[in-house]
There are 2 protein chains.
Amino acid sequence: MADVWDCYHRDLTTVEEQILTNIGSDVPLVKEISTFILQGGGKRIRPLLLVLSARLCGCQGHEMHALASFVEYIHTATLLHDDVVDDAEFRRGKEAAHRLWGNQASILVGDYLYAKAVRSIVDFRIHELNSVIAESVRRMTEGEVMQISLNRYQRVLSQTEYVQMIERKTGALIAAACQMGAILGDADASDQEALFHFGLRLGTAYQIADDMLDYVGHGDRLGKTLGTDLRQGKITLPLLHLLHHIDATRRGEVQALLEQSYLGQGDIERIVVLMNEYGSVEYSMAIACEYVDKAKSALGGFGESTAKQALCIAADYMTARDH
Amino acid sequence: MADVWDCYHRDLTTVEEQILTNIGSDVPLVKEISTFILQGGGKRIRPLLLVLSARLCGCQGHEMHALASFVEYIHTATLLHDDVVDDAEFRRGKEAAHRLWGNQASILVGDYLYAKAVRSIVDFRIHELNSVIAESVRRMTEGEVMQISLNRYQRVLSQTEYVQMIERKTGALIAAACQMGAILGDADASDQEALFHFGLRLGTAYQIADDMLDYVGHGDRLGKTLGTDLRQGKITLPLLHLLHHIDATRRGEVQALLEQSYLGQGDIERIVVLMNEYGSVEYSMAIACEYVDKAKSALGGFGESTAKQALCIAADYMTARDH
């Protein structure tokens, strides 16, 4: 992956400049919070994928950098809202914005970043861009609401329902980023669709891999505390796998643990032990890798190129992140 | 005003149907919360103004009703977020959504309604509509952030700064509703601009009048508790007027009251007594009426018509609401 960052260094530097210069508000608090969160060390996965997709489709223009910055604004808006929703303490190892400026400011600056991105994308005057981004934001917000409705463990979700939820929550925006790159490269409908599906599957793999970090990651390295998702009652694939495969007595034990108002360290460790016993984490990793393979196969119609290679490396990176 | 509701009854009934049928999500919680808040007895000022502006410009089509419903979605999204931001107990006399479903759901369903509206407006395939709505949402969210940044009484705002804030917070969306009606009616740039300014001034008048309700309204009739804005440290025109005109000793007294962590009933009554002594509420009403007059004068270029009359009545209604 280091080679990809290296090879597209100039594009990514330009995107970085655009991210910081396009905020476009004379309200100091908007700039302050936006700059804080946008400089918080995000990996810029969505901008990278947009740029690579645009390059794959032969785009030579400079609009891709600005467009990539607006996609990052939308992603950043969801982070601001998610951290309020989850009452998160940290984001990427730093104190979360809502703990520094309050929930009010985080909600409203999140709204601003959404609106600024939509407003700026309209200025491209390309109907397809508006259509793709607006539909993806609709799907994404729908996925977020699905997540909180389903997080109550009243029944064990099927894996299909879980995938539908994360396809919306995480896949939709990544799919849109890839398709928008294709649109800028004047790709035909079938190439656009291929890149959309590439992004959708990649996003799904990314979310499954991210879910696993909760059970196998190291809090200090990832800026995420082990067991956070469990404590918040968030559904993840390893947990679903466990609940579907465990024998009835022990399922009762796990569900009793989950239903407590607060999960202690010992409760979390017990669940992780059971997950290891039932191979739930390995299973999830296998599913994530399957989605990566499906993503790569969506690119079958494109000839070999540096951009295609880079997209495939980026796809592999989804399941090979630091955990 | 009853005559206006009556005369445009069919348009408004169609808008009402569209509001309830266009939600467009298969996620039950999205539908449940959206329907709850959309059926919460809103006055549909923005849809009415959009329809009247469209009629004024000769629009005969049916797109106006759907478009009006999407503008109401955006307004509703801001209500969901505002109630979380303000930790409001009630909305229009009913328990606020976030107290029934939680802050998480209110934030995310608000995001959904924004996204759904933008997504649906894109489908009209009229660039000007996208441009006008996206810019107005950007301005509006900017106004919301301005409000919380300015709400700290560290210095007394000028009236100009206050008006700049409410023009964005409340004026921008109403101005967009009027201009979008004009766009559907194929109005030329100068008629569009006239309706934009009509809406902007109307929105400003509306917000000033709404601010006054905090000091003269009756909690039970308005679903708003007397003194709420004061308790939340919200800047309103009567308070600004008082702080600008009161003598230095008493200004110290008022500022000491405002700086308390909790304002008791007695504190609020004391401030209201001072406002009456300095004519701050009357002054605010006069300014609101000035904005109504400026709004009406923006329509000078349009010939007489039922729609124009109705817009003027709606303008007067802004300062004559139930208080």
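The values are calculated or read from the model by the stated rules, or taken from the named source; none is laboratory data. Keep in mind it's a predicted model, so treat the numbers as computed, not measured. Virtual Cβ from ideal backbone geometry, glycine too; neighbours counted across all protein chains shown. Areas reflect the complete protein model, heavy atoms only, side chains present, ligands, DNA and RNA absent. Shrake-Rupley method; radii C 1.70, N 1.55, O 1.52, S 1.80 Å.
Quick notes
- The set of residues in segment A:22-48 being open to solvent by 20 Å² or more (accessible area, probe 1.4 Å) and more than 21 Å from the chain's Cα centre (by Cα) consists of A:ASN22, A:GLY24, A:ASP26, A:PRO28, A:LYS31, A:GLU32.
- Some residue of segment A:73-85 being more than 15 Å from the chain's Cα centre (by Cα), open to solvent by 60 Å² or more (accessible area, probe 1.4 Å) and within 11 Å of chain B (Cβ to nearest Cβ): no
- Checked against the criterion of being free of Cβ contacts under 8 Å to residues at least 24 places away in the same chain and among the hydroxyl-bearing types (Ser, Thr, Tyr), segment A:17-29 contains one or more residues that satisfy it.
Per-residue answers, yes or no, for (1) under 24 Å from B:ALA115 (Cα atoms); (2) at pLDDT 90 or above:
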site	(1), (2)
A:LEU49	yes, yes
A:SER53	no, yes
A:GLU63	yes, yes
A:VAL84	yes, no
A:ARG99	no, no
A:VAL109	yes, yes
A:TYR112	yes, yes
A:ALA115	yes, yes
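- When residues of segment B:6-21 are limited to those that are closer than 21 Å to B:LEU173 by Cβ and open to solvent by 60 Å² or more (accessible area, probe 1.4 Å), the one modelled with the highest pLDDT: B:GLU16
- Scanning segment A:184-208 for residues that are over 27 Å from A:ALA320 (Cα atoms), aliphatic (A, V, I, L, M) and either crowded, with 23+ Cβ neighbours inside 10 Å or free of Cβ contacts under 8 Å to residues at least 40 places away in the same chain (or both) gives A:LEU184, A:ALA189.
- Residues in segment A:111-155 that are within 19 Å of A:LYS169 (Cβ to Cβ) and either more than 8 Å from chain B (Cβ to nearest Cβ) or not in a helix (DSSP H, G or I) (or both): A:LEU113, A:ALA117, A:VAL132, A:ILE133, A:SER136, A:ARG139, A:GLY143, A:GLN147, A:LEU150, A:ASN151, A:ARG152, A:TYR153.
- Residue list for segment A:100-110, filter: closer than 17 Å to B:THR141 by Cα, surrounded by fewer than 24 Cβ atoms within 10 Å (Cβ to Cβ) and more than 7 Å from chain B (Cβ to nearest Cβ): A:TRP101, A:GLY102, A:ASN103
- Test: residue in segment B:175-190 that is polar (S, T, N, Q) and at pLDDT 95 or above: yes
- Here is the figure for segment B:128-162: residues that are modelled with pLDDT of 95 or more and open to solvent by 40 Å² or more (accessible area, probe 1.4 Å) total 3.
- Residues in segment B:9-58 that are more than 14 Å from chain A (Cβ to nearest Cβ) and of a type in the set (Asp, Glu): B:ASP11, B:GLU16, B:GLU17.
- Of the residues in segment B:74-94, none is farther than 23 Å from B:THR228 by Cα and outside any helix (DSSP H, G or I).
- Scanning segment A:244-286 for residues that are open to solvent by less than 10 Å² (accessible area, probe 1.4 Å) and under 24 Å from A:MET146 (Cβ atoms) yields a count of 6.
- Exclusive hit being within 24 Å of the chain's Cα centre (by Cα) and modelled with pLDDT of 95 or more, set A:ASP293, A:ASP322: A:ASP293
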